[in-house]
Amino acid sequence: MSKDIRIRKGLDLKLKGEADKIIVDAPPSSIYAIKPADFHAVVPKLILKEGTAVKAGEPVFYSKYDDKVKFSAPVSGIVSEVLRGAKRRILEVKITTNGSDEAINYGKLNPSDANADQVRSMILESGCWPFIIQRPYSIIANSNDIPKGIFISAYATAPLAGDPEVILAGKLEAFQAGVTALNKLTSGSVHICVGKESILKNIKDAEVHTIKGPHPAGNVGIQIHKLDPINMGERVWTVGPEDVAIIGNLFLTGEFKPERTIALVGTDVKESDRKYYRTLVGANVNTLVGTVDTNNTRIISGDVLTGVKLSNDQFINFYHNTVTLIPEGNEYAFLGWMPFTRNHVPSNAGTSFSKLLGGKRMVDTNLNGEDRALVVTGEMEEMMPMDIYPLQLIKACMAGNIEQMENLGIYEVAPEDFALIDFTNTSKLEAQEVIRLGLDLMITEVG
């Protein structure tokens, strides 16, 4: 049964640089990359070596700890480079395109007529499985698990994040096929959370919920907490809305075609270029932004709260639908510690007139302060809509106290749920990093 959700805690950061709701084709990238770093806790084992010809949809490497989970090439071409780091760790597998549209065809399959084993097998063989993320731990789902529910968040509240309603334009048939397929893999229901007016309200084989409220209302972890909280030993899967359409397209056409619609946003993007660009997973960021002076501009794959810093010639994160360009915070204000001197900076604490003036604000990467031994009681709780104690959970993670972490809700959270705490906490604590380390400890010790 559908349920309406109202989130009251949180904060909407209204920033300048939003993308126009226009979709255009991005210039084709000559090189694409699959980056193991995008898949947390995955140790890759190469299938194809440098110099090997590859077809779109052909597996390039698999997970060491779950060899059924494969990672496929987004395009056809040549495996031109396997970039390695310390201890020969694989950092990137680069594929240079040959202009061919040659692709592996896995055969069409009507998800309504297929059983769970057929659906699971097709998703695994094609390389679509990495789109399925498991909670707890926010890692790629175990291929043998049966989750108690699958959640899809089609409500974006992160600053300047790509709008799922725009991203899914023209993809409703594929999205529906993807939902039907995923519904075969759970013992419970597929849950889709949308805004008040949504093109997804009539999707079948799922429970569609209306959600309203400030960020982080759009985070899938908040939606799981409100609809079907995770207890010890339980598994819930999450899938991004465009990733559902990619899975659906696999069943409709038999081909792995990881199309990615990217919102190019931020104040350092020309206003005429702030649009949605249709490309493929693993595209070079320069195809969207050109060559950027990274001394003065920060390229971010993702949104400003949770994204990853990129340099020129690097590649967009596997899961991201947003690329953000904002100024580097390399200019410091004289007497910047004084209140009411930097009124263009968003301020939740009321130390800037921007809180009274309203409107959209321009931000840079400046932290506006340094680490400090100061914790304000009740500050973090205002940014956390979950029924947990965020400060105490962070302390338990820092101490490595597994029993306390379990009691305080570590199974329900992911780093992105603490992004607003990173932004607003007075101590400048890197809460997302602490939670990620805590989750990694739980994977090692509990599994």
How much length is gained if the chain between LYS212 and ASN312 is pulled fully straight, taking 0.36 nm per residue apart and subtracting their Cα-Cα distance, in nm to one decimal?
32.3 nm
Any idea how far the Cα center of region 95-115 sits from the one of region 249-312, in Å?
24
Scattering profile of region 27-110 from the Debye formula, Cα beads only, expressed as log10 I(q)/I(0) at q = 0.15 Å⁻¹, is -0.54
For the chain the mean separation of alpha carbon contacts under 8 Å (6+ apart) over residue count, i.e. relative contact order in percent, is 18
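For LEU280, LEU250, give me the order by solvent-accessible area with a 1.4 Å probe, most accessible first, ignoring ligands, DNA and RNA. Can you show the working numbers first?
On the way: LEU280 35, LEU250 0 Å².
Accessible-area ranking of LEU280, LEU250, largest first: LEU280, LEU250.
Below 14 angstrom from the Cβ of LEU48, what's the summed charge of the other residues (Lys, Arg +1; Asp, Glu -1)?
For residues surrounding LEU48, the net value is +1.
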Per-pair calculated FRET efficiency, R0 = 60 Å: ASP387 and LYS108 via Cβ, rounded to 0.05
0.85
Cα atoms only, region 1-58: Rg and Dmax in Å?
20.7, 54
May I ask you to rank MET362, MET398 by accessible area, largest first, using a 1.4 Å probe over the protein chains only?
MET398, MET362
Kirkwood Rh over alpha-carbon pairs of region 236-323 plugged into Stokes-Einstein at 20 °C, 1.002 mPa s gives a D in µm²/s of 154
Helix 241-253 axis, angle to the chain major axis (alpha carbon atoms, nearest 10°):
10
Between GLN134, GLN118, GLN432, where does the largest GNM mean-square fluctuation fall for the chain, given springs only between Cα atoms within less than 10 Å?
GLN118
Can you bin every Cα-Cα distance in region 82-178 into 10 Å intervals starting at zero and give me the percent of pairs per bin, rounded to whole numbers?
10, 28, 37, 23, 2
So for region 191-237, averaging the separation of alpha carbon pairs under 8 Å that are six or more residues apart and normalising by length, what relative contact order in percent results?
29
What would the Debye formula give as log10 I(q)/I(0) at q = 0.15, 0.22, 0.25 Å⁻¹ for the alpha-carbon point model of region 383-447, no solvent?
-0.39, -0.84, -1.08
Hull shadow area, averaged, region 353-393 [alpha-carbon convex hull, nm²]
4.8
Of all accessible heavy-atom area on the chain, the percent that carbon and sulfur account for (1.4 Å):
49
Charge context of ALA373, other residues only, Cβ under 14 angstrom, K/R +1, D/E -1:
+1
Hydrodynamic calc, region 184-286: Kirkwood Rh from Cα pairs, then Stokes-Einstein at 37 °C with viscosity 0.692 mPa s, so D in µm² s⁻¹ is 199
Among VAL166, ASN115, VAL220, the residue whose Cα sits farthest towards the positive end of the charge dipole of region 75-226 (+1 at Cβ of Lys and Arg, -1 at Cβ of Asp and Glu, taken about the Cα centre) is VAL220
Rule-of-thumb Rg ratio for region 212-258 [Cα; 2.2 N^0.38 Å; N residues]
1.53
With everything on Cα atoms, drop me the angle between helix 116-126 and the longest principal axis of the chain, reported from 0 to 90° to the nearest 10.
80
With no solvent term and unit scatterers on the alpha-carbon positions of region 124-255, Debye gives log₁₀ I(q)/I(0) at q = 0.11, 0.12, 0.17 Å⁻¹ of -0.35, -0.42, -0.87
In terms of solvent-accessible area of protein heavy atoms at a 1.4 angstrom probe, what is the ranking of LYS171, LYS68, highest value first?
LYS68, LYS171
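The values are calculated or read from the model by the stated rules, or taken from the named source; none is laboratory data. Everything quoted here is computed from the prediction, not taken from an experiment. Please note: Cβ atoms are built from the backbone with ideal geometry, for glycine as well, and neighbour counts cover all protein chains shown. Areas reflect the complete protein model, heavy atoms only, side chains present, ligands, DNA and RNA absent. Shrake-Rupley method; radii C 1.70, N 1.55, O 1.52, S 1.80 Å.
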